Amino acid sequence: GVSLEDIDRIEVVRGPNTPLYGSNAVQGVINIITRQPFQVTGTHIGFTGGSLETRKGIVRHADSSDAFNYRLTATYESADGLPGNFDSTNDGREIGGVSFRGVWQKSKVDEIDIQLGVNDGRLGAGAEIPDNPLAHDKDVAANHQQINWRHAFVDGGDSNLLFYHNGYS
């Protein structure tokens with residue numbers, strides 16, 4: 001659900017990190033950190049095409065004001081899958097998505113970071129062999145919502161209050 005153009009860095013943390021990342025972080029965590037909205041401004045339009053009928057498009061707009069910075073990104077990606085002797089493999093895809101990130105500097109000590117996103121499309125699943133019930137396209141949908149309130153204390157410490165939801169079907 002995150003465009004490569006919006007990623008600032010990726011952290012890979014190995015080992016059990018349950019206290020930091022939750023009970024499902026048994027063997028490690030991959031933390032994808034996106035760019036702050038104020039790091040990119042203006043409108044960006046990009047398109048990439050390649051072999052295997054691969055197509056990828058992106059439209060991003062970001063802007064800033066004194067107290068509010070935002071970035072809105074729309075993406076589309078499709079590919080036909082493997083060619084040649086692999087024609088019976090159903091591994092194509094067609095997925096589109098929209099994401100939003102806004103940071104509101106409410107005061108000198110309070111900041112609210114809002115992130116929203118949705119992806120929807122289809123993925124090829126299974127080999128196209130006669131009478132194979134697994135050969136079909138799978139409709140996929142994913143969404144995420146996150147609100148993070150950061151408060152800085154006068155003594156130099158800070159606190160975070162984070163609400164998030166992830167959905168996949």
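The values are calculated or read from the model by the stated rules, or taken from the named source; none is laboratory data. What you see is a predicted model; the values in this text were computed from it and never measured. So basically every Cβ, Gly included, is an ideal-geometry build from the backbone, and we count neighbours across all protein chains shown. What goes into the accessible areas is simple: the full protein's heavy atoms, side chains included, and nothing from ligands, DNA or RNA. Shrake-Rupley method; radii C 1.70, N 1.55, O 1.52, S 1.80 Å.
Of all residues in region 40-63, count the ones that are among the polar types (S, T, N, Q), at pLDDT 85 or above and open to solvent by 50 Å² or more (accessible area, probe 1.4 Å).
Count: 3.
Would you please list the contacts, defined by Cβ atoms under 6 Å and residues six or more apart or on different chains, that run from a residue in region 1-23 that is within 28 Å of Thr75 (Cα to Cα) to a residue that is open to solvent by 100 Å² or more (accessible area, probe 1.4 Å) and modelled with pLDDT under 70?
So the pair list comes out empty.
For region 87-119, enumerate the residues that are in a strand (DSSP E or B), more than 20 Å from Gln39 (Cβ to Cβ) and without any contact (Cβ under 8 Å) to a residue 60 or more places away in the chain.
Answer for region 87-119, where residues must be in a strand (DSSP E or B), more than 20 Å from Gln39 (Cβ to Cβ) and without any contact (Cβ under 8 Å) to a residue 60 or more places away in the chain: Thr89, Arg93, Glu94, Ile95, Gly96, Asp110.
Based on what the data block shows, is Val103 under 14 Å from the mean Cα position of the chain (by Cα) and either closer than 24 Å to Thr41 by Cα or modelled with pLDDT under 90 (or both)?
No; evaluated as a whole, the condition is false for this residue.
So for region 58-65 (the condition being on the phi < 0 side of the Ramachandran plot, of a type in the set (D, E, K, R) and in contact with a Pro (Cβ under 7 Å, 6 or more places away or on another chain)), does at least one residue qualify?
no
Of all residues being touching a strand residue (DSSP E or B) at 6+ places or on another chain (Cβ under 8 Å) and in a loop (DSSP other than H, G, I, E, B) in region 135-157, which is modelled with the lowest pLDDT? Just the residue, please.
So, considering only residues that are touching a strand residue (DSSP E or B) at 6+ places or on another chain (Cβ under 8 Å) and in a loop (DSSP other than H, G, I, E, B), the one modelled with the lowest pLDDT is Ala135.
Please pick out the residue among Asn160, Asn90, Asn132 that is at pLDDT below 85 and surrounded by fewer than 15 Cβ atoms within 10 Å (Cβ to Cβ).
It is Asn132.
Could you check region 47-62 and list, in sequence order, the residues that are farther than 13 Å from Ser78 by Cβ and without any contact (Cβ under 8 Å) to a residue 24 or more places away in the chain?
If the condition is that a residue be farther than 13 Å from Ser78 by Cβ and without any contact (Cβ under 8 Å) to a residue 24 or more places away in the chain, then Ser51, Val59, His61 are the ones that fit.
Does Gly121 qualify as being under 22 Å from His165 (Cβ atoms), in contact with a His (Cβ under 9 Å, 6 or more places away or on another chain), at pLDDT 90 or above and of a type in the set (Gly, Ala, Ser)?
Against the criterion (under 22 Å from His165 (Cβ atoms), in contact with a His (Cβ under 9 Å, 6 or more places away or on another chain), at pLDDT 90 or above and of a type in the set (Gly, Ala, Ser)), Gly121 does not qualify.
Can you pull out every residue in region 64-81 that is under 15 Å from Trp104 (Cβ atoms) and open to solvent by less than 80 Å² (accessible area, probe 1.4 Å)?
Within region 64-81, Ser64, Ser65, Ala67, Phe68, Asn69, Tyr70, Arg71 qualify.
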